[in-house]
Amino acid sequence: MDTNENRYKVVVVDDEMIAVQGICRIIEKHCPKLEVTGTAGNGKEALEVIEKTMPDLVLTDVEMPVMSGLELVSQAGSQMPELCFVIISGYEDFEYAREAFRNGVLDYLTKPIVPSQMMITMDNVEQRLRKIYYGRRMRIFRKLCMGEETTAAEMRKYFPYKEYYAALLRENGLPRRYAPAKEPELYGTMQESYLVYGRDNMEELFLIPKEVLGRQRLIDYMTEVEKRQKTEDSYTTLLYYGEAFSGSQISEKIRKLYDWLNAISTVGFSQTVNLDRKKFQAGGFPSTDISVLSGLIREIEQYAKMERYDQIKKCITREFSEWERERRPQIWLEQAARRILNVIHTPSGTEESMIEREYQFEDAFYYSTGMEMLRQNLFTAFYQSPQKEKENYKVDSPEFFENIKLYLCGHLQEPLSLKMISDLFAISQAYMSRLFRKYTGQSYNQYLTCIRMERAKQLMEEDSELYIKDIAEMVGYRDQFYFSRIFHSYTGQSPADYIK
């Protein structure tokens, strides 16, 4: 969210009234993003003013009666750890104030205060406050997305706009939820005028102030985002609130977005849903109806006892076609698939095999872009024929995997789906995923993101004049802002900051 709409609250503390008045005049005249909400003549008075006004920043003299500025920094900082300070002193010796810089002090001014120097300092402080606010806002936003509670005071302070829009864009299936390795979370960048968060790089939750969107309809904006980011062989689920809502409703609206995503996300089917026109049914997520599956389970069990694997495959193919026609949601399919796989697969019982099985199961749903692909990925992952096992053994070598890595590095600007790479090297997606875990310790997506980001960093270091949009395209991203979010999640810096 753009903090241009925020004014940071400031308390000025000095035992010389003329000095207080001078500082206040400079802030009022030259610092539009700062607002003086209180003044005090010593540290003790300042503590009362700080408690009453809850400022973002305190400008305090060091040498004062009753309580010094350094004591104020220590006490106020312990009570309000997120409070920031600028200290002012007639002593030009930096060593005198070094202690304070370990307690939330952002900068240091010397007396007599020169307006031009103070303006430079305040500009630097505002930039740092903006970064601090961004970090705190994203921390709260993530908490809300994770279903955690936050205080009303925090919401008012860090989400100051009167009304917001929200939308959730998900590419392909739901995030991994059980396997030990998680995809990296995605965060928006400070350059964007709204908040963006995703539980992995396939998801973006947008929280957009009504003032920022202006007259543009949210659905029109999100449709453009979807077009820029969607790859050819993927499907998307776009859920949104087309009507603006108050800041006090943010937590509830976010929770319902995720509830709806779990309820309706369907493998292979793109969906766009205006949640203002739908009512979430009591009872929560869809669940597997055992009466629907009981007949199928008995049939598969009989064939399994007779080792009629061809008949098992026919049964599964038949059911998947029916479930595709019924548009069963992913959560329902996961439960159904687990029941089937528990019948046809006998685990070895080792921890390693159980983890690998979970990886394969989640990979199937994470990468499949249709029901037929899902069926194949699930079946081949858990039910390999002896001949296929021999073929896989032949390609399971460092030399073979090195060829895959070389191909990826040489084609970073192209769409590189797991299916495309698996087809190119003539192995199943399940086995390709297994190779990446074995030789890199990462999922396919994680590894691809890693080499794309490293190449982007290399391009920035070689030529700082390149446009970020061009760098994004050179490493396979059509949307500059999406690339910037991925880059920020990977490096902790925006592309612009990294280039600097």
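Computed over neighbours whose Cβ is under 14 Å from that of E324, the net charge equals +1, Lys and Arg +1, Asp and Glu -1. For the chain, the fraction of alpha-carbon pairs lying more than 35 Å apart is 48 percent, rounded to a whole number. Note on surface exposure: D15, D107 rank D15, D107 by accessible area, highest first, 1.4 Å probe. Look at the dipole of the chain built from charges on Cβ: of G173, M460, L213, the Cα furthest out on the positive end belongs to G173. Structural descriptor for the range 8-132: relative contact order 22 percent, calculated from alpha carbon pairs under 8 angstrom and at least 6 residues apart. In the chain, a dipole from Cβ-located charges (positive for Lys and Arg, negative for Asp and Glu) runs towards its positive end, and of A304, L238, V66 it is A304 whose Cα lies farthest in that direction. The charge dipole of the chain, taken about its Cα centre with unit charges on the Cβ of Lys, Arg, Asp and Glu (plus for the first two, minus for the last two), comes to roughly 1760 debye. The packing ranking, built from the mean of other Cβ atoms within 10 Å per residue, places the peptides 297-306, 20-29 in the order 20-29, 297-306, highest first. Across the range 292-383, the relative contact order, built from alpha-carbon pairs under 8 Å that are at least six residues apart, equals 33 percent. Between Q127 and E301, the contour length at 0.36 nm per residue exceeds the Cα-Cα span by 56.1 nm.
For the chain, the solvent-accessible area with a 1.4 angstrom probe is 49 square angstrom per residue.
Between rounded, prolate and oblate, where does the range 292-383 land on the alpha carbon gyration tensor, with a ≥ b ≥ c its root eigenvalues, rounded for a/c under 1.5, else prolate if a/b exceeds b/c? Taking the square roots of the gyration eigenvalues as a ≥ b ≥ c, the range 292-383 is oblate. Note: relative contact order over the chain, using C-alpha pairs below 8 Å and six or more positions apart, is 11 percent.
Rounded to the nearest 500, the helix-only mean residue ellipticity at 222 nm of the chain stands at -17000 deg cm²/dmol, with each DSSP H run of n ≥ 4 adding -39,500 (n - 2.57). Sequence-ordered 3J(HN,Hα) estimates for the range 427-433 from the Karplus curve with 6.51, -1.76 and 1.60 and θ = phi - 60° stand at 9, 6, 4, 4, 6, 4, 4 Hz, glycine and proline given as x. Peptide packing for 33-45, 319-331, 109-121 was compared via the average number of neighbouring C-beta atoms within 10 Å per residue; ordered from the highest value, the list is 33-45, 319-331, 109-121.
The values are calculated or read from the model by the stated rules, or taken from the named source; none is laboratory data. A quick note: this is a predicted structure, and the numbers were derived from the prediction, not measured. Cβ coordinates were reconstructed from backbone atoms using ideal geometry, including for glycine residues, and neighbour counts include every protein chain displayed. Calculation scope for accessible area: heavy atoms of the full protein, side chains included, ligands and nucleic acids excluded. Shrake-Rupley method; radii C 1.70, N 1.55, O 1.52, S 1.80 Å.
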